[in-house]
Amino acid sequence: MNLVTYDILTQRIKQLGNLPAMPAVLATLCDALSQKSSKIDLDQIIRHISYDKSLAAQCLRLANSALFRQRGDVVSVKDAVLALGLWRIRDLVFSCSLPMMFSNVNTNVGKEVFWRHALGTAVVAQGLGEEFGAKSLEDIYLAGLLHDIGVLVNGVLFVEDFRDVLEEAQRKRAPLEEIEKSIMGFSHAESGRILSELWRLPEELADVIEHHCDPQKQPAPSDTTLLVHAADLVCQKLGLGYGYELQSSEAASLPHIWESLCPRFPAARPFTEAAYSGLLHHLVSAAENLADQVFTPAMATR
């Protein structure tokens, strides 16, 4: 992205009042996890989560779900923090908070479709990372959850243009970023980078958001960027995309997606097509179950 476009986008995002600021509880968690473990105030984090009763209840319910549960019943926020650890609690809080944050933001992107894709990418990327023994496992879920945050930015700031983007992308069954660049001159990866900076997210996370559509443009593609890119494509291929499947091509096929991971992750190489297809379908199914729990009727009314 050139500097002129960057400056224009940054000013538009700063001046617009209907993009939410980072919630205090999320900022607290991010700040805490950037410090040495000896300086983290667990009681403060527990209090911040507990202040929002709806958020606390949602976290407890998800902490007891099959996807996150580790041992015993989790009956309090403190139990959840102690049982799951701060990194997993951060992922839960983001998963619960972000859809509610944007519930009152008017955009032409279907919110449940958007967040189901975001959750799907998070779960698939994390599952692949665990399978391959990837570096920075604690960052993968959140990177997947936030990878397309620029889609919401574009849907709010450039309503008419982005409506045209969605319509043409669905008609051509083409990637959003390809149509965004042809109509708007920039993509959601670039506007997402700017929002991540305004939210003061970690630099590594901002890099994934900026490069998830094309990891090879990242000076040194990280494990996280490669996994989020693959998970994004897998979800679009297996029914957790934006309401349409990308046009059939070798590049969008599961074999191509899997083969792109093999050079970086040796553990991916022994998988047969049947084995990795089964794993990817299993991970997408787990993501759909999580999305069903996050998007409860109670949340839909918030």
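Every number in this text was worked out from the coordinates using simple rules, so none of it is lab data. As the structure is a computational prediction, the values presented were derived from the model and not from experiment. All Cβ positions, even for glycine, are placed from backbone atoms using ideal geometry, and neighbour counts span all protein chains on display.
Using label points projected 7 Å from each Cα along Cα→Cβ, tell me how many nm separate S248 and S182, to one decimal.
2.1 nm
Just grab the label-to-label distance for N289 and K172, each label 7 Å out from Cα along the Cβ direction, in nm (one decimal).
3.9 nm
Can you figure out the FRET efficiency of V159 with D73, using R₀ = 41 Å and their beta-carbon distance, to the nearest 0.05? Numbers along the way, then the final one.
Numbers: r = 46 Å, r/R0 = 1.11.
My answer for the efficiency is 0.35.
Taking the Cα-to-Cβ direction at D41 and at R12 and moving 7 Å from each Cα, how far apart do the two end points lie in nm?
About 3.9 nm, to one decimal.
Give me the dipole magnitude in Debye, nearest 20, for the chain about the Cα centre, with unit charges on the beta carbon: positive for Lys and Arg, negative for Asp and Glu. Mind showing how you got there, number by number?
Values: 27 positive and 37 negative charges, 158 e Å.
Its charge dipole is roughly 760 debye.
Does segment 167-272 come out rounded, prolate or oblate, given a ≥ b ≥ c as the square roots of the eigenvalues of its C-alpha gyration tensor, rounded meaning a/c under 1.5 and, failing that, prolate meaning a/b above b/c?
Details: a/c = 2.17, a/b = 1.09, b/c = 1.99.
Oblate shape, in that a/c is at least 1.5 and b/c is the bigger or equal ratio.
Cα-based count: Lys pairs in the chain below 26 Å, eight or more positions apart or different chains?
Step by step, the pairs that qualify in the chain add up to 19.
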